[in-house]
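Right, one structure below, let's go through it.
The values are calculated or read from the model by the stated rules, or taken from the named source; none is laboratory data. Computed from a prediction, not measured in an experiment: that's the story for all the values here. Reconstructed Cβ throughout: ideal geometry from the backbone, glycine too, with neighbour counts over all protein chains shown. These accessible areas exclude ligands, DNA and RNA; they are computed on the full protein's heavy atoms, side chains included. Shrake-Rupley method; radii C 1.70, N 1.55, O 1.52, S 1.80 Å.
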Amino acid sequence: MKLSEIANTLREIGVVPVKTLGQNFLHDQNLARWIVKEAELSARDFVLEVGPGVGAITAPALAAGAELLAIEKDGRLVEFLREKFSGQPLEMIHGDALEFEVKRLFPRGPVKLLGNLPYYISTEILFRFLEPPTPIILAVLMLQKEVALRLAAGPRSKDYGILGLVVQSQYRVEYLRTIPASVFLPQPEVDSALLRLTPRAAGELPDFDRELFLTLVRRGFSQRRKQLGKLIKKEVDDWPHAAAEIGASAQTRAEELSLQQWVRLTNFVRPITGKTSGTDLTEEFAVVDENDRVVGRAPRHEVHGNNLRHRAVHIFLFNRAGDLLLQKRSRWKDRHAERWDSSAAGHVSAGEEYDATAVRELREELGVTAALRRIAKLPASEETGKEFICLYRGEHDGPFASPRAEIETVQFFPRDVIARWVAERPDDFAPGFRECWRCLATPPA
Ligand code: SAM
């Protein structure tokens, strides 16, 4: 929309832009189209737009053929947009983006995030939507220039610090361009900038302990001018050795270390162990006949390679709210890597019983114990990968501690979200989980 159109529209719908909602509406149509182009939208894309306002970015995004979900806090704008784009693939949510449950988006598949963000909450929005696990695969966002500079900053600059490192440890951040205040109505007091964020590919950075990384970065930047070694004495006792290991001088300051050096420092202090494989290939499983009677034992690769019948357990862990914990299998797993799966699951080892395996898997995969109840038994089939599966349920609210080689992450999901997700994107899940879920939804007569 042009400047005059926006002014007229606002007048017609009785909206006087308010600062408390960060309402600065974009009136440069070329720029709006350019933003959409930078997100490389096509008819296959599902887009989430935060704060659509009067639809400056919404219109070109719809024109590119994408399907949109938009969250807008101002009810008058919601009504206006519903009417303006009626008949188009736009779903409007009247609400606060900071209360939106990102996990509800998983059933939609990969999501692109767009927004000329309300500046008073721009960093909160970033963290809410981009904190893993998230289905967002790309974000093109307008932010106040000062925040954008901090997010994109590299070492030895005044903008480099905690915010940039935290985000860059998970996303590639590109500063696309500075946007003058004059393209907005009303004009904000500061310039803006456009950023593009893309999740880092698996393996792009070595894996590292995120909590320790945050602690080190926070301490390091607590006094920017001070030498880093003096600020992280508690975490790093042999600083000269650590500095040499990461290729830094012993006198270095936090702002001089690159992201890669921070990661190396984190791994020097607390190395990640046992990461080369998510699978113990020497493990032996119980081999069973068509009636689930044990007839022998064989190593994992033989059981899977020769399609032998064997045994497994799956555990569904619910929290107090009734949400189900799902695990995302690690990228190192030999089968169904990076798919979503039951809270915990595993094979029955040779000489082991189902119940004992369930207790063991819960402890090994989630670091907890809980009372478990067997709720179903699934016959071995092609769908279960020739596994007889005993399904257990239990209750636990966490926290959980999972081995990284096995599990990328765990997260509770409402059951209605999972139902929709399994129906719409079955391939996001390991087949064993799908069978257990189906069994829970329609228990055998
Ligand atoms: N996208 C539009 C544009 O480019 O012209 C409007 C951008 S304006 C900077 C920010 C928009 O976010 C406003 O429409 C405002 O009402 C909306 N907004 C403010 N706080 C919000 C919140 N917590 N959740 C969702 N939308 C919000």
Practice task
Note the angle between two axes, namely the Cα long axis of helix 29-38 and the longest principal axis of the Cα atoms of the chain, as a number of degrees from 0 to 90, rounded to the nearest 10.
Solution key: 20 degrees
Exercise for the section: Using a Förster distance of 30 angstrom, determine the FRET efficiency expected from the C-beta separation of GLU124 and ASN319, and round it to 0.05. Expected result: 0.80
Exercise for the section: Beyond 19 Å, what share of the Cα-Cα pairs of the range 330-445 is found? Please give it as a whole percent. Expected result: 48 percent
Fill in the blank from the handout: Computed ³J(HN,Hα) along the range 115-127: with the Karplus parameters 6.51/-1.76/1.60, θ = phi - 60°, integer Hz and x for glycine or proline, the list is x, 9, 6, x, 5, 5, 9, 4, 6, 4, 5, 3, 5
Problem - Accessible surface of the range 147-203 [probe 1.4 Å, protein heavy atoms]: carbon and sulfur percent - result: 51 percent
Practice task
Compare the peptides 125-136, 54-65 by average per-residue count of other Cβ atoms within 10 angstrom and give them in order, highest first.
Solution key: 54-65, 125-136
Practice task
Can you sort THR369, THR178, THR384 by 1.4 Å-probe accessible area, starting with the largest?
Solution key: THR369, THR178, THR384
Practice task
Using a cut-off of 13 Å between beta-carbons, work out the net charge of the residues near PHE213 (Lys and Arg +1, Asp and Glu -1, PHE213 not included).
Solution key: +1
Problem - Accessible heavy-atom area order of ARG293, ARG177, highest first, probe of 1.4 Å - result: ARG293, ARG177
Problem - Charge dipole (the chain, unit charges on Cβ, about Cα centre) - positive-most of GLY154, THR357, PHE388 - result: GLY154
Completion exercise
The simple spin-label model distance between ILE272 and ILE93, using points 7 Å out along Cα→Cβ, in nm, is 3.0 nm
Problem - Long pairs among LYS2/LYS37; LYS158/LYS234; LYS234/LYS333; LYS84/LYS112; LYS158/LYS233; LYS73/LYS112, criterion Cα-Cα beyond 29 Å - result: LYS234/LYS333
Exercise for the section: With the full set of protein chains in place, find how many percent of the accessible area of the range 284-441 is carbon and sulfur; take the probe as 1.4 Å. Expected result: 44 percent
Problem - Principal-axis tilt of helix 75-84 within the chain, Cα atoms, nearest 10 degrees - result: 90 degrees
Completion exercise
Per residue, accessible area of the range 246-400 with a 1.4 Å probe, heavy atoms of protein chains only, in Å², comes to 46 Å²
Handout entry: the range 89-157 and the range 189-232: distance between their alpha carbon centers, rounded to Å
Key = 18 Å
Practice task
Mind running the shape call on the range 3-199? Use the C-alpha gyration tensor, a ≥ b ≥ c as the square roots of the eigenvalues: rounded below 1.5 for a/c, prolate if a/b tops b/c, oblate otherwise.
Solution key: oblate
Handout entry: Net lengthening on full extension, THR442/ASN306 (0.36 nm per residue, minus Cα-Cα)
Key = 45.9 nm
Completion exercise
Scoring the range 284-441 by relative contact order with C-alpha pairs under 8 Å, at least six apart, yields a percentage of 28 percent
Problem - Amide H partners (placed H, <5 Å) of VAL288, local residues excluded - result: VAL295, ARG309, HIS310
Problem - Relative contact order, percent, the chain [alpha-carbon distance under 8 Å, six or more residues apart] - result: 11 percent
Problem - Normalised alpha carbon radius of gyration of the range 80-149 [divisor 2.2 N^0.38 Å] - result: 1.20
Exercise for the section: Counting helices only, and only those DSSP H runs with n ≥ 4, report the 222 nm mean residue ellipticity of the chain as the sum of -39,500 (n - 2.57) divided by its residues, in deg cm²/dmol to the nearest 500. Expected result: -8500 deg cm²/dmol
Completion exercise
Interchain or sequence-distant (5+) residues whose placed amide H lies within less than 5 Å of the amide H of PHE25 are LEU185
Exercise for the section: Just check the range 127-239 against the gyration tensor rule for me: Cα atoms, a ≥ b ≥ c as the square roots of the eigenvalues, rounded for a/c under 1.5, and otherwise prolate or oblate depending on whether a/b exceeds b/c. Expected result: oblate
Handout entry: Per-residue SASA entry for TYR160, accessible area with 1.4 Å probe, Å² rounded to 10
Key = 0 Å²
Handout entry: Dipole of the chain, positive end: most advanced residue of LEU81, PRO271, LEU324 [Cβ charges, Cα centre]
Key = PRO271
Fill in the blank from the handout: Computed D for the range 213-358, Stokes-Einstein, Kirkwood radius over alpha-carbon pairs, 20 °C, 1.002 mPa s, to the nearest µm² per second, is 111 µm²/s
Practice task
Place the peptides 23-30, 418-425 in order of packing, highest mean first, counting for every residue the other Cβ atoms within 10 Å and averaging per peptide.
Solution key: 23-30, 418-425
Completion exercise
Listed by chain and number, the residues whose amide H is under 5 Å from that of LEU48, excluding neighbours fewer than 5 places away on the same chain and using placed H, are LEU69, LYS112, LEU113, LEU114
Problem - Directionally averaged projected area (convex hull, Cα atoms, the chain), nm² - result: 25.0 nm²
Problem - Rg to Rh quotient for the range 210-269, alpha carbon positions, Kirkwood Rh - result: 0.89
Fill in the blank from the handout: Label model pair GLU12, GLU364: point-to-point distance (7 angstrom along the Cα→beta-carbon line) in nm is 6.5 nm
